[in-house]
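The values are calculated or read from the model by the stated rules, or taken from the named source; none is laboratory data. Since this is a predicted model, take the numbers as computed values, not measurements. Cβ: placed from backbone, ideal geometry, glycine included. Neighbour counts: every protein chain shown. Protein only, heavy atoms only, side chains kept; ligands, DNA and RNA dropped before computing areas. Shrake-Rupley method; radii C 1.70, N 1.55, O 1.52, S 1.80 Å.
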Amino acid sequence: SALCVGHSIKELYVKLDMIINGKTVLTYSETLCGPGHSKLIFCGMKKGEHLYYEGPVTLGIKEIPQGDYTLSAKLTNQDHVTVACADFTVKNYLDY
C-alpha cells in the first residue's frame, strides 16, 4: 500500500481501546516513534513524503481475548494531531 504522509512524524503514539457493549474495558498505549523509540519504518518522515509498505501487520499481542468486541486505534504525532485512526470488529472464538 502507499500513503502520502499528511503530518511530520518525529514522534508517534498509539492508543488502543477495547470496547465491549459500548464501554471501554481496556486501554493500551505505546510510543512507536521518538527519542530512543524507532520501531517503525516511517519514524522521522516529513509531511508530503510517500510511504510504501507491503507485508503483514501485527500488534505484538500474543493472546487475543475471546468474544465479540471492538478495538479502536488512534495514532497521534508530537503535535497531538491524529495521523490515523481505525476501528476493528473482532470476533474470536475457540472451536472445541
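Within region 7-23, residues that are within 14 Å of residue 74 (Cα to Cα) sit with their Cβ atoms under 6 Å from residues that are open to solvent by 80 Å² or more (accessible area, probe 1.4 Å) and among the aromatic types (Phe, Trp, Tyr), at 6+ positions apart or across chains, in these pairs: 16/28. Taking (1) part of a loop (DSSP other than H, G, I, E, B); (2) at pLDDT 80 or above in turn, residue 44 satisfies each apart from (2).
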